[in-house]
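The values are calculated or read from the model by the stated rules, or taken from the named source; none is laboratory data. The structure displayed is predicted, hence computed values, not measured ones. Ideal geometry is used to build each Cβ from the backbone, glycine not excepted, and the neighbour counts take in all protein chains shown. We work out accessible area using only protein heavy atoms, side chains counted, and drop any ligands, DNA or RNA first. Shrake-Rupley method; radii C 1.70, N 1.55, O 1.52, S 1.80 Å.
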Amino acid sequence: MSWHPQYRSSKFRHVYGKAASKEKCYDCVPITRNVHDNHFCAVNPNFIAVVTECAGGGAFLVIPIKQTGKLDPHYPKVCGHKGNVLDIKWNPFNDFVIASCSEDSTVKIWDIPNQLLKRNITIPKKELLGHARRVGLIEWHPTADNILFSSGYDYKIMIWNLDVRKAVISEPVKILDAHADVVLSMSFNTDGSLLATACRDRKIRVIDPRAGTVLQEASYKSHRVNKVLFLGNMKKLFSTGTSRWNNRQIALWDQNDLSMPLLEEDLDGSSGLLFPIYDSDTNMLYVVGKGDGNIRYYEISPEKPYLNYLMEYRSHLPQKGIGMMPKRGLDVSACEIFRFYKLIPTKSLIEPISMIVPRRSESYQEDIYPLTAAAQPALTAEQWLNGVNKEPLLVSLRPGSGAVHSLPQFLEPEPLMKTTDLSQQQGWGGRMPLKDEPREIEDGQNQLKVEEKLPKTEQMCLSNGLDIFECPPPKTENELLQMFYRQQEEIRRLRELVNQRDVQIKQLELGLRNLCMDTGSY
């Protein structure tokens, strides 16, 4: 019998959850009272969208991510649905496009402007008509552009290609008719070639979405599944549900054999749903309880015991829904590896919760930030429909390493390169790798030459390598604080640069002294 150590070595063993301060929360938000089992919240680095209460139809709010504090009670809504909104999802490759589905049996695609909303948005960019009953779930494809999946109470999953000019699409490219009851959950594997579903008939299915065939089906009766999730490239599925005795339960499955779970564990006797959320970059799994304030988190390993419990974030404020920030929107300088947005309807509050790895160093921690999914698609819709599979494009989160944000196609053209080249290279206050530091000095000299050649009126547009018209002076206290933090980061980066130069000077002086001693000995 092999001996297993009691303690595992893990860099995520001491991860802790940190709730945001009151001024960094979103207050006075009228969160929906709908009892549907969904997240009701979608987040990207620019906006947070929340399903809200609305008389005479369904609506949701789209709030700029930096607009924290109290929300204006007359803040404009996105309100084109005739029934309650049941699910909302941001396009993973365009931060200014969001999809919504509703009890009115429709799916709508919305363009969100690149500024504060001044009036209600009522006209969608596209409208998808195909379901006979209300639509409860929508999911964007993880690697193909403009491919959307929708699931309705007509027991059908429809695949939509949005790469068409028509504003109203009434025919999906594929209909998956493999379920005998309502689909409760949908999840893609990493390249989007497989779809896992949880159904009200208590079965888990793994489906080839393009062929429409069911590859695996679980009929394990002692686990009544509610939500199912692909665990990245580990070829495993994770599900949450209830046991025969109505205890909340989690289970781990081999995606190629769903006859028996690899692991099954009862958590507690609460009645609220469990939302599973997986971070494939860190192999961490978060289990969020609806109706309580707890977030349990585990580390997944490819070998037994597979599921390693780490810690539990506890709060006395119950959550109705949850939103997750994509990796490209995290604060890497604070060693933040995940961020939740917790909906608290009893206080009309949205509270950000950061999951942080405690580190003393303030430099970029490459070991906890591997390459992550980029905001660009790996495939076009036509390529995916024709049978092509591709892993998602990857990008580094290191400040200054490259663009990690998606850009809307309808934004204004980029400004002149002569005023923005330096700001793009410096990453707006982000630190550069040491190997690029000599290049910074050359860039600084080039900037001086550019400023000498520019007329006086254009020289006034440059301030510390940044375009003043692109980044106007702060007008609110929050903007002033953000500008202050950016300047602090810039000062700290410059200090590191000076210290590095001092070390190089000392090394050169030591080399010269050794050289003089060597020549004197001869």
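When residue 57 is tested against (1) of a type outside the set (S, T, N, Q); (2) touching a His at 6+ places or on another chain (Cβ under 7 Å); (3) open to solvent by less than 10 Å² (accessible area, probe 1.4 Å), exactly one condition is not met: (3). Could you list, in sequence order, the residues of segment 71-97 that are aliphatic (A, V, I, L, M) and in contact with a Gly (Cβ under 9 Å, 6 or more places away or on another chain)? Correct list: 85, 86. Strands (runs of 3 or more DSSP E) fully within segment 140-239 that include at least 1 residues being under 22 Å from residue 379 (Cα atoms): 147-152, 157-161, 174-176, 183-188, 195-199, 204-208, 224-230. In this structure, residue 337 does not qualify as among the β-branched types (Val, Ile, Thr), in a strand (DSSP E or B) and either open to solvent by 20 Å² or more (accessible area, probe 1.4 Å) or touching a Cys at 6+ places or on another chain (Cβ under 7 Å) (or both).
A residue that is closer than 23 Å to residue 319 by Cβ, touching a strand residue (DSSP E or B) at 6+ places or on another chain (Cβ under 8 Å) and either free of Cβ contacts under 8 Å to residues at least 60 places away in the same chain or of a type outside the set (Gly, Ala, Ser) (or both) can be found somewhere in segment 90-97. Taking the conditions exactly as written (at pLDDT 95 or above, in a strand (DSSP E or B) and of a type outside the set (Asp, Glu)), does residue 267 satisfy them or not? Against the criterion (at pLDDT 95 or above, in a strand (DSSP E or B) and of a type outside the set (Asp, Glu)), residue 267 does not qualify.
Of all residues in segment 354-382, exactly one satisfies the criterion of being of a type in the set (Val, Ile, Thr), in a loop (DSSP other than H, G, I, E, B) and within 30 Å of residue 212 (Cα to Cα), namely 380.
Scan segment 182-198 and tell me whether some residue there is open to solvent by less than 20 Å² (accessible area, probe 1.4 Å), within 25 Å of residue 390 (Cα to Cα), of a type in the set (Val, Ile, Thr) and modelled with pLDDT of 90 or more. Scanning segment 182-198, I find at least one residue that is open to solvent by less than 20 Å² (accessible area, probe 1.4 Å), within 25 Å of residue 390 (Cα to Cα), of a type in the set (Val, Ile, Thr) and modelled with pLDDT of 90 or more, so the answer is yes.
Of all residues in segment 81-104, those satisfying the criterion of being in contact with a Lys or Arg (Cβ under 6 Å, 6 or more places away or on another chain) and open to solvent by 20 Å² or more (accessible area, probe 1.4 Å) are 103, 104. Every condition in (1) farther than 17 Å from residue 275 by Cα; (2) out of contact with any helix residue (DSSP H, G or I) (no Cβ under 8 Å at 6 or more places or on another chain) holds for residue 315 except the one numbered (1). Being modelled with pLDDT under 85, over 27 Å from residue 208 (Cα atoms) and of a type in the set (Ser, Thr, Tyr) is a condition met by no residue of segment 383-400. In the set (1) in contact with a strand residue (DSSP E or B) (Cβ under 8 Å, 6 or more places away or on another chain); (2) open to solvent by 20 Å² or more (accessible area, probe 1.4 Å); (3) closer than 21 Å to residue 185 by Cα, the condition left unmet by residue 65 is number (3). Of all residue pairs spaced 6 or more apart or on separate chains, those with beta-carbon atoms under 7 Å, a first member in segment 312-338 that is farther than 16 Å from residue 47 by Cβ and touching a residue at least 24 places away in the same chain (Cβ under 8 Å) and a second member that is of a type in the set (Gly, Ala, Ser) and assigned to a loop (DSSP other than H, G, I, E, B) are 315/293; 317/293; 318/291; 318/293; 319/293. Scanning segment 283-300 for residues that are more than 15 Å from residue 324 (Cα to Cα), within 19 Å of the chain's Cα centre (by Cα) and open to solvent by less than 10 Å² (accessible area, probe 1.4 Å) returns a single hit, 298. When you look at residue 354, is it open to solvent by less than 40 Å² (accessible area, probe 1.4 Å) and within 15 Å of residue 287 (Cβ to Cβ), yes or no? In short, no.
Take the conditions (1) over 24 Å from the mean Cα position of the chain (by Cα); (2) under 30 Å from residue 481 (Cβ atoms); residue 155 misses just one of them, which is (2).
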